[in-house]
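Down below is the structure, laid out as structure tokens.
The values are calculated or read from the model by the stated rules, or taken from the named source; none is laboratory data. The structure presented is a predicted model; accordingly, all values stated were derived computationally and were not measured. All Cβ positions, even for glycine, are placed from backbone atoms using ideal geometry, and neighbour counts span all protein chains on display.
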Number of protein chains: 2
Amino acid sequence: MVSLTPRAERLLKALIEQYIAEGQPVGSRTLVKQAGLEFSPATVRNIMSDLEELGLVRSPHTSAGRVPTERGYRFFVDTLLAVQPLKALDTTHIEDRLLADQDPQQLIESVSGLLSQVTKLTGIVRVPRRTDVGFLQLDFLALSPTRVLVILVTQDGQVLNRVIHPKRPYSASELQQAANIFNDAYAGRSVDEVRRSLIAALRRDSEDMQQILRSAVEMAHQVFSGEEIGDSPLFVSGESNLLAFPELSNTEKLRRLFEAFTAKQDLLHLLDQSMASQGVQIFIGAESGYEALASCSVVTAPYEVDGQIVGTLGVIGPTRMSYDRVISIVDVTARLLSGALSHGVAG
Amino acid sequence: MVSLTPRAERLLKALIEQYIAEGQPVGSRTLVKQAGLEFSPATVRNIMSDLEELGLVRSPHTSAGRVPTERGYRFFVDTLLAVQPLKALDTTHIEDRLLADQDPQQLIESVSGLLSQVTKLTGIVRVPRRTDVGFLQLDFLALSPTRVLVILVTQDGQVLNRVIHPKRPYSASELQQAANIFNDAYAGRSVDEVRRSLIAALRRDSEDMQQILRSAVEMAHQVFSGEEIGDSPLFVSGESNLLAFPELSNTEKLRRLFEAFTAKQDLLHLLDQSMASQGVQIFIGAESGYEALASCSVVTAPYEVDGQIVGTLGVIGPTRMSYDRVISIVDVTARLLSGALSHGVAG
DNA sequence: CCTGGCACTCGGAAAGTGGGAGTGCTAAGA
DNA sequence: TCTTAGCACTCCCACTTTCCGAGTGCCAGG
């Protein structure tokens, strides 16, 4: 939409890079020196004035240099930024960290920590709990006469457990039998299907069922109706990295941000959006639409299992972040995670 | 050790209470007015001078009022503080929150959130994973030809699971048989015992064993040797509450503190100490022995299951915290949690 | 031993100052 | 027409100065 002369583009790029590196408003003289431009500060001033009219930069005050606006960052990211591939060193570092951990669930959880360590920002990962996953097995174990441990296993290896308090005591063999009947009845169906059938079965007249299956259905229902299945938890790591940025150290802003990390609601919505599209997505400042994320940018990328997008990971930092580096890290991490997960499932 | 005249005690108490409430150095005049003392500011000054010599208060500078020292807080907590019982309202609030959640593991986890919400400080809970707990059942489930899900259940209802990659593929019935043999062999022993026997069994010549048991032992070993059992995770909630305190907003201090929350190592050690003794324990400032906790106090209390201490919970806040309130909240929460857990196990 | 009085100290807010970085504008040069 | 040097101007920031008030310590009298 905005079109600039090549020279103006070059200038804007240099300005933003300088500002990202130093965090100080950039003046015409510094810019000429730093970027090795072949025209004079006066010319730079003229061009910067144009850029200011276009809303790509602004001066905090008359005698300060220029600072990128959110629109400026957006233009920079869309048009000027050539994301170069990560150094092999970094890639292997990430790869090593991802391969060290074999259990898919743990793997995904550890990724937020990995992202925060590599970027020195805050890492976030939305963990999928697919509800179309296959049901594998249910177990009833008596812990005490009134407490039964129900263990639900899905075909992708998730294990969910819950302690329930049945109406009457069951013997170990009764529980065993109930589990067997239940497993036979529901083998191979998806978790969603099982949940629906359970609800239907509970509505139906209990006379239709064997007494023992009836009990099994009742107990199983308490696990299948739990929030854990289909719930999408969010892992956030490295919040304290953000304390290092002076532009965020405004206590009120920081407080809001940290509350958003705790509440997670806004972040979840944001990551949902990201899940709808492929590749790296970038939300700069107000673009995210959440007040708490003002003066922050979020870089996200979905990850896949066997070609299907199942979750999102990303990084949160100040708008003044090293976009090229962060983008490539997020991108590579998403790819490597997808690979590790698909690999894991396949063999 | 230190003994004060009743008047000096009264003065110190009033001073500390005032300082806790306002956060500003307390002058002689304010103290007289605020605490309704029947002697003059000059007298108060004399007494404060004595208190300063004893190291219980200090002035930030010549013409400021007095501020409690850590020693002063310690004396206050040990001698002057009469912890009044919590209002019934608060108690029932905590009680409700604790009863809402039935699963012991979740219950314990939610307590840190509860503590942080009620105190507006940071809540911490050390979750026990006792290794002397009884082994209940092991399951082997084939996820794919090369991936076996191992599920370990203890008698207190903990469920641990791990995906392993056995050397050769096993059929479902082989796995079932292996689990049966294993469960028969180790039924009723403690997790620790099982772990030890597994190691011993692996050392012994494999000729002694049935081939199938040998496989079971090898696979089980990978789960029992995992760090999860006997590992003691730590839950921390409400870190961002601490952002509200000006005395901590020094960025460097805050950073250290948040890093301690992430690393958890120091906190774990501290809570271990607390677990060794009964009742509420208070660590004021440097008493904790951890640099990161400077100008913070930690109030902890162990909680029990059936009369035996299994874990610790507590609150971290600035040294200038409302000790009486925090102490009673921590105390009540520990008692109620103990009750809820013991109740749960018993019936 | 308490208390009023008084001199003293010190921090912090308010106001003043100078320097420097940076701008916009203008006019001359390419 | 575009670029550039020059210059006046602006404004922040860091520094100093000033001033006030809160608070202290000490002394002398009750």
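What about residue B:59, is it more than 16 Å from DNA strand D (Cβ to nearest atom), touching a residue at least 12 places away in the same chain (Cβ under 8 Å) and out of contact with any helix residue (DSSP H, G or I) (no Cβ under 6 Å at 6 or more places or on another chain)?
Against the criterion (more than 16 Å from DNA strand D (Cβ to nearest atom), touching a residue at least 12 places away in the same chain (Cβ under 8 Å) and out of contact with any helix residue (DSSP H, G or I) (no Cβ under 6 Å at 6 or more places or on another chain)), residue B:59 does not qualify.
So which residues in the range A:55-85 are of a type in the set (Val, Ile, Thr), modelled with pLDDT of 95 or more and farther than 23 Å from residue A:332 by Cβ? Spell out how you get there, then give the answer.
Of the range A:55-85, the ones of a type in the set (Val, Ile, Thr) are A:57, A:62, A:67, A:69, A:77, A:79, A:83.
With the extra rule that they be modelled with pLDDT of 95 or more, the set shrinks to A:57, A:67, A:69, A:77.
Once the filter is applied, which keeps residues that are of a type in the set (Val, Ile, Thr), modelled with pLDDT of 95 or more and farther than 23 Å from residue A:332 by Cβ, the range A:55-85 yields A:57, A:67, A:69.
Taking the range B:124-155 only, how many residues are over 24 Å from the mean Cα position of the chain (by Cα), more than 9 Å from chain A (Cβ to nearest Cβ) and buried (at least 21 other Cβ atoms within 10 Å of the Cβ)?
Residues flagged as over 24 Å from the mean Cα position of the chain (by Cα), more than 9 Å from chain A (Cβ to nearest Cβ) and buried (at least 21 other Cβ atoms within 10 Å of the Cβ) within the range B:124-155 amount to 6.
Determine, yes or no, whether residue B:297 is more than 14 Å from chain A (Cβ to nearest Cβ), farther than 20 Å from residue B:94 by Cα, at pLDDT 95 or above and buried (at least 17 other Cβ atoms within 10 Å of the Cβ).
On the way: more than 14 Å from chain A (Cβ to nearest Cβ): yes; farther than 20 Å from residue B:94 by Cα: yes; at pLDDT 95 or above: yes; buried (at least 17 other Cβ atoms within 10 Å of the Cβ): yes.
For residue B:297, the condition - more than 14 Å from chain A (Cβ to nearest Cβ), farther than 20 Å from residue B:94 by Cα, at pLDDT 95 or above and buried (at least 17 other Cβ atoms within 10 Å of the Cβ) - is met.
Working only within the range A:25-58, note down all residues that are within 40 Å of the chain's Cα centre (by Cα) and within 6 Å of DNA strand C (Cβ to nearest atom).
Matches in the range A:25-58: A:27, A:28, A:30, A:48, A:49.
Would you check which residues across the range A:156-187 are surrounded by fewer than 18 Cβ atoms within 10 Å (Cβ to Cβ) and at the interface with another protein chain (Cβ under 7 Å from one of its Cβ atoms) and list them?
Residues satisfying the conditions do not exist here.
Going through the range A:249-281 one residue at a time, which ones are touching a helix residue (DSSP H, G or I) at 6+ places or on another chain (Cβ under 8 Å), surrounded by 18 or more Cβ atoms within 10 Å (Cβ to Cβ) and more than 10 Å from chain B (Cβ to nearest Cβ)?
A:267, A:270, A:280, A:281
Residues are listed down the side, and each one gets a yes or a no for (1) free of Cβ contacts under 8 Å to residues at least 24 places away in the same chain; (2) on the phi > 0 side of the Ramachandran plot; (3) within 14 Å of the chain's Cα centre (by Cα):
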| position | (1), (2), (3) |
| --- | --- |
| B:296 | no, no, no |
| B:308 | yes, no, no |
| B:315 | no, no, yes |
| B:337 | no, no, yes |
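Residues that are more than 10 Å from chain B (Cβ to nearest Cβ), touching a Ser or Thr at 6+ places or on another chain (Cβ under 7 Å) and modelled with pLDDT under 85: does the range A:199-218 have at least one?
Yes; the residues of the range A:199-218 include at least one that is more than 10 Å from chain B (Cβ to nearest Cβ), touching a Ser or Thr at 6+ places or on another chain (Cβ under 7 Å) and modelled with pLDDT under 85.
Output the residues belonging to the range A:59-70 that are touching a strand residue (DSSP E or B) at 6+ places or on another chain (Cβ under 6 Å) and near DNA strand C (Cβ under 9 Å from one of its atoms).
The answer is A:59, A:65, A:66.
Check A:107, A:152, A:114 and return the single one that is touching a residue at least 24 places away in the same chain (Cβ under 8 Å), of a type outside the set (Asp, Glu), at negative phi and not assigned by TED's automatic domain parsing to the domain that holds residue A:241.
A:152 is the lone residue from the list that is touching a residue at least 24 places away in the same chain (Cβ under 8 Å), of a type outside the set (Asp, Glu), at negative phi and not assigned by TED's automatic domain parsing to the domain that holds residue A:241.
Residue A:102: within 14 Å of another protein chain (Cβ to nearest Cβ) and either within 16 Å of DNA strand D (Cβ to nearest atom) or modelled with pLDDT under 90 (or both), yes or no?
Considered against the rule, which asks whether it is within 14 Å of another protein chain (Cβ to nearest Cβ) and either within 16 Å of DNA strand D (Cβ to nearest atom) or modelled with pLDDT under 90 (or both), residue A:102 comes out as yes.
Within the range B:71-83, identify whether any single residue is in contact with a strand residue (DSSP E or B) (Cβ under 8 Å, 6 or more places away or on another chain) and within 16 Å of DNA strand D (Cβ to nearest atom), and answer yes or no.
Yes, there is a match, as at least one residue in the range B:71-83 is in contact with a strand residue (DSSP E or B) (Cβ under 8 Å, 6 or more places away or on another chain) and within 16 Å of DNA strand D (Cβ to nearest atom).
From A:238, A:157, A:226, grab the single residue that is at positive phi, in contact with a Lys or Arg (Cβ under 8 Å, 6 or more places away or on another chain) and at pLDDT below 85.
Unique residue meeting the criteria: A:157.
Being assigned to a helix (DSSP H, G or I) and more than 6 Å from DNA strand D (Cβ to nearest atom) is the filter here, so list the residues in the range B:34-45 that pass it.
Within the range B:34-45, B:34, B:35, B:41, B:43, B:44 qualify.
Check off (1) surrounded by 14 or more Cβ atoms within 10 Å (Cβ to Cβ); (2) away from DNA strand D (no atom under 13 Å from the Cβ); (3) β-branched (Val, Ile, Thr); (4) more than 30 Å from residue B:159 (Cβ to Cβ) for residue B:67 and give me the number that stays unchecked.
Among (1) surrounded by 14 or more Cβ atoms within 10 Å (Cβ to Cβ); (2) away from DNA strand D (no atom under 13 Å from the Cβ); (3) β-branched (Val, Ile, Thr); (4) more than 30 Å from residue B:159 (Cβ to Cβ), the lone unmet condition for residue B:67 is (2).
Could you please give the count of residues in the range A:1-33 that are assigned to a helix (DSSP H, G or I) and within 16 Å of DNA strand D (Cβ to nearest atom)?
Qualifying residue count for the region: 16.
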